[in-house]
Amino acid sequence: MMDFISTLLGSVLRSLVGVAGGATRASVTEHQARRNNMGDVSAKDSSQETAVSLFGLLLGLVITPYIDTDTKTYFAFVILTLLHIFSNYRAVSSLVMDKLNRQRAFIQVERFLTTFDGQNGQVYTPSEVSKKENLYYSDNIKLGASLKSISDKENWTTSKDLDKAVASLLENSFYISADSENRKFCVAYSETASTRDILRSYFKVSIRIAKNKLTGTVLGAGEDVLFEKFMAGLEEKGWTTKAHLMGVGEWRCSLKGNK
């Protein structure tokens with residue numbers, strides 16, 4: 001029975017690793033295809049993986065005769081597994097991504113707001129941000145929420161509540177719902193929302209999160225003005241601002257017929 005459970009659990013974990021690895025590989029391959037040559041990068045990656053697998057097979061044939069007890073088997077398993085995890089961690093840590101995800105975006109926004117002097121603020125280069133990223137990051141921001149979930153959360157009771165959201169969607173292509181007490185935010189987007197609109201919405205949410213830490217100079221500058229300066233700083237430092245990795249949900253609001 002235990003053998004069956006172990007085999008089943010191993011298969012489940014292997015499938016999870018396969019899904020996570022496939023998603024990560026796609027993102028890394030896209031990042032490395034600097035000249036829109038994903039096919040070439042994928043072929044080279046596959047060739048390198050084949051070569052490493054062949055080397056591992058040969059190494060296994062060499063050391064297998066020396067692993068003849070349970071103690072040696074478990075010792076080799078633990079050492080090789082830890083080496084594998086450490087190597088993957090180091091490889092991922094060495095990547096310098098130039099597209100914003102949530103953690104990179106928050107690091108940059110916080111840096112910009114805390115260094116803003118009334119004219120401009122400072123942002124990090126991609127290599128500087130990569131050194132500040134943590135292995136795990138989470139926030140209380142739901143990007144791409146449905147209006148239904150927001151209306152339930154805010155307990156809309158009149159048409160004025162809907163009109164307010166629609167007006168924001170028409171003007172900005174997004175509507176921000178804030179729960180200041182629990183510091184939770186939901187953002188709904190219209191069908192016309194662009195990458196810049198998504199980054200702008202996250203920028204505005206980040207300002208609300210860090211509001212207590214900001215100076216009067218920042219708060220008096222205007223969010224849209226600050227955002228344009230922020231985007232200009234990112235582009236100057238070599239960041240890609242025409243694409244993002246913000247993890248946005250699929251819900252979009254259709255406003256056809258609204259004026």
Counting only residues that are modelled with pLDDT under 90 and aliphatic (A, V, I, L, M), which one in segment 77-100 is farthest from Arg34 (Cα to Cα)?
Leu80
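Going through segment 177-204 one residue at a time, which ones are under 22 Å from Lys242 (Cα atoms) and not hydroxyl-bearing (Ser, Thr, Tyr)? It would help to see each step written out before you state the result.
Of segment 177-204, the ones under 22 Å from Lys242 (Cα atoms) are 187-204.
Listed by number, the residues that qualify are Val187, Ala188, Glu191, Ala193, Arg196, Asp197, Ile198, Leu199, Arg200, Phe203, Lys204.
Step by step: first the residues of segment 145-162, then only those that are among the small types (Gly, Ala, Ser) and in a loop (DSSP other than H, G, I, E, B), then the one that is least open to solvent (accessible area, probe 1.4 Å). Which residue is that? Break it down stepwise before answering.
Going residue by residue through segment 145-162, those that are among the small types (Gly, Ala, Ser) are 145-146, 149, 151, 159.
Next, from what is left, pick out any that are in a loop (DSSP other than H, G, I, E, B): 145-146.
On the way: Ala145: 1, Ser146: 19 Å².
It comes out as Ala145.
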Taking Lys142 as the residue in question, decide whether it is surrounded by 10 or more Cβ atoms within 10 Å (Cβ to Cβ), modelled with pLDDT of 90 or more, over 23 Å from Gly21 (Cβ atoms) and charged (D, E, K, R).
yes
Do you know which residues across segment 173-212 are open to solvent by less than 30 Å² (accessible area, probe 1.4 Å) and in a helix (DSSP H, G or I)?
Asp197, Ile198, Leu199, Ser201, Tyr202, Phe203, Lys204, Val205, Ser206, Ile207
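Considering each of Gln103, Gln119, Gln32 in turn, give the residue that is closer than 30 Å to Leu234 by Cα and at pLDDT 90 or above.
So the residue among Gln103, Gln119, Gln32 that is closer than 30 Å to Leu234 by Cα and at pLDDT 90 or above is Gln103.
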Inspect all residues belonging to segment 102-115 and state whether any of them is touching a Lys or Arg at 6+ places or on another chain (Cβ under 8 Å), touching a residue at least 60 places away in the same chain (Cβ under 8 Å) and under 19 Å from Glu30 (Cβ atoms).
no
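Please specify each residue of segment 112-139 satisfying the condition of being among the β-branched types (Val, Ile, Thr), open to solvent by less than 40 Å² (accessible area, probe 1.4 Å) and assigned to a helix (DSSP H, G or I).
So the first thing to find is which residues in segment 112-139 are among the β-branched types (Val, Ile, Thr), and the list is 114-115, 123, 125, 129.
With the extra rule that they be open to solvent by less than 40 Å² (accessible area, probe 1.4 Å), the set shrinks to 115, 123, 125, 129.
Once the filter is applied, which keeps residues that are among the β-branched types (Val, Ile, Thr), open to solvent by less than 40 Å² (accessible area, probe 1.4 Å) and assigned to a helix (DSSP H, G or I), segment 112-139 yields Thr115, Val129.
Looking at segment 227-243, which of the residues that are on the phi < 0 side of the Ramachandran plot and not in a helix (DSSP H, G or I) is surrounded by the fewest Cβ atoms within 10 Å (Cβ to Cβ)? Give the steps one after another, and end with the answer.
Here is the first cut: in segment 227-243, the ones on the phi < 0 side of the Ramachandran plot are 227-237, 239-243.
So of that shortlist, the ones also not in a helix (DSSP H, G or I) come out as 237, 239-243.
Details: Lys237: 17, Trp239: 20, Thr240: 16, Thr241: 16, Lys242: 9, Ala243: 11.
Residue satisfying both the conditions and the ranking: Lys242.
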Here is a check on your reading of the model: is Thr215 at pLDDT below 90 and surrounded by fewer than 20 Cβ atoms within 10 Å (Cβ to Cβ)?
yes
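So, in segment 100-111, how many residues would count as being part of a strand (DSSP E or B) and of a type in the set (S, T, N, Q)?
1
Among the residues of segment 167-200, how many are β-branched (Val, Ile, Thr) and either in contact with a Phe, Trp or Tyr (Cβ under 8 Å, 6 or more places away or on another chain) or free of Cβ contacts under 8 Å to residues at least 12 places away in the same chain (or both)?
Taking segment 167-200 first, the residues β-branched (Val, Ile, Thr) are 176, 187, 192, 195, 198.
From what is left, the residues that are either in contact with a Phe, Trp or Tyr (Cβ under 8 Å, 6 or more places away or on another chain) or free of Cβ contacts under 8 Å to residues at least 12 places away in the same chain (or both) are 176, 187, 198.
Result for segment 167-200: 3.
The values are calculated or read from the model by the stated rules, or taken from the named source; none is laboratory data. In this text the structure is predicted, and so the values were computed from the model without any measurement. We place every Cβ from the backbone using ideal geometry, glycine too, and count neighbours over all the protein chains shown. For accessibility, only protein heavy atoms count, side chains too; no ligands or nucleic acids. Shrake-Rupley method; radii C 1.70, N 1.55, O 1.52, S 1.80 Å.
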